Amino acid sequence: MFDEWDTFKTYATAPRREEGVPSEMLLSREKFHGNYDDLIGESTVHLEVLKSIDRFAKSAKVVLISGETGTGKELVARALHAESPYAMHPMVVVNCAGIAEHLMESELFGHEKGAFTGADRQHIGLFETASGGTLFLDEIGELPLVLQPKLLRILQENEIRRVGGTKQIPVSVRVLIATNIDLIEAVEAGRFRRDLYERLKSLHIQLPALRERREDIPALAKHFLAKENNCCSQKVAKENNCCSQKIEDINPEVLSLFDAYTWPGNIRELEGAISRAVLLAKGGEILPEHLPKDVQTPHAHALPLADATAAANPNTPECFVLPFPMGTTLKEIEKSAILTTLAREDGNQSKTAKSLGIHRRTLHNKLRDYNEET
C-alpha cells in the first residue's frame, strides 16, 4: 500500500516548472559565474535575485538592496562582495539604525582631534576603514537627513572630509546600501533626499518576501535543520545552547503548515522556528507541536477574489484558501487542495474526504493516482 505522506512530501518539495517557457529561457544556477551556495532556493524570483548579483558583482557602482525585514539583505551584500574585485579586503558592515544620531557623522566620516568637546584624538571613520574593500550601509532610511548630502557627495566624488578637518581624503570603497522601507515613500514624505535616491536606484536588487517564494521553504527548512544538526555535533554544543541529539527529518504536516503561514518575519523567522523546534523535538523528527503557536494555526491567505468576497460578506466563516501562481492547472489546484487537507487532517482519509465533500473511495483513487505519478 502506498504512503500518502510520501506522496504529499514529494509534491511539497518538488520544484514548480513554468509551463510554456522554452528550457533555454529558464534560469538555472549553472548559468551564473559566482558561487551562491549560501543563498538557498530554486524559485524563479530567487534565481532572478542571483542573476542580478551575478551581473552587478563586478561593478564598482553602488548597489541598493531592498526588501522586508528578514529577507536576507546582508547575505546578498556578502555575495556581492565575495564575487567582486574587492573580495581580498574585508566587508565593513554598518547598521545606520544602531548608531546614535549625534555620533553618526563621526562614525562614518571620522573626526580630527579637537573637532568637538571630547574629541581628544583623531578618529578614522568607517569609510576610510573600508577603503580598498566594501562598505555595507544597512537600514539607510535611518540616515539623518542632514547627512544625506554628504553621503551623496562621497558617492559622486570618492572622497571624504573628517569632522573638523579641512582637506578632502580620497577613498576607494565599494558601497552597498540596504533598506527595509520604501524609499520612494520616504522621498515623498520628505524623510529622504530625492537626489540621493536617484543616485542609489540605478543598480537595484529587490528581494522577494518568503510568502512570494513558498516553493523554496522546504529547501530552506532543511538547510536550517542541517545547520542546527551541525551545531549539535560540535564540541561546544553546550556553550551554544544546542540540542543533544540530531533531528533527522521534518514531518510533512509541518511543511504543509509552513506553506500556509504568511511569514511576516521572512527567512529569519523560519530559521528561528526551526531552531526552536530542534530544541523541543525528542523523537528525531520535527512535528507540528514543536512549532510556535502562530505557525501551528496560520491564517488563511486568500486569492484577491476571495479577499473581495470576504470584504463583501464579513459574516462568512474563515476558510483555508491556497494561493496559486498564474498558469496553474485545475488538476494541479485539485491535487494541492487534496494533499493539503490530508495533511491538516493528520492523514485521516475519512475526515479528509468529508472536509472536501467527496466519497472516501474517490479520495483513495486520487491518492493512488498521485502516487503512480511519482
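The values are calculated or read from the model by the stated rules, or taken from the named source; none is laboratory data. What you see is a predicted model, and the numbers here were worked out from it, not measured in a lab. Neighbour counts run over all protein chains shown; Cβ positions are idealised from the backbone, glycine included.
I'd like to check something: does segment 223-233 contain any residue that is assigned to a loop (DSSP other than H, G, I, E, B) and touching a Leu at 6+ places or on another chain (Cβ under 8 Å)?
No, segment 223-233 contains no residue that is assigned to a loop (DSSP other than H, G, I, E, B) and touching a Leu at 6+ places or on another chain (Cβ under 8 Å).
On the given criteria, is residue 88 more than 21 Å from residue 170 (Cβ to Cβ), among the aliphatic types (A, V, I, L, M) and modelled with pLDDT under 95?
When the stated conditions are applied, residue 88 does not pass them.
Go through 72, 118 for me and flag whichever is without any contact (Cβ under 8 Å) to a residue 12 or more places away in the chain and on the phi > 0 side of the Ramachandran plot.
Exactly one of 72, 118 is without any contact (Cβ under 8 Å) to a residue 12 or more places away in the chain and on the phi > 0 side of the Ramachandran plot, namely 118.
Which one of these is touching a strand residue (DSSP E or B) at 6+ places or on another chain (Cβ under 9 Å) and either at pLDDT 95 or above or in the same structural domain as residue 61 (by TED's automatic domain parsing) (or both): 168, 156?
Only one candidate passes the filter, namely 168.
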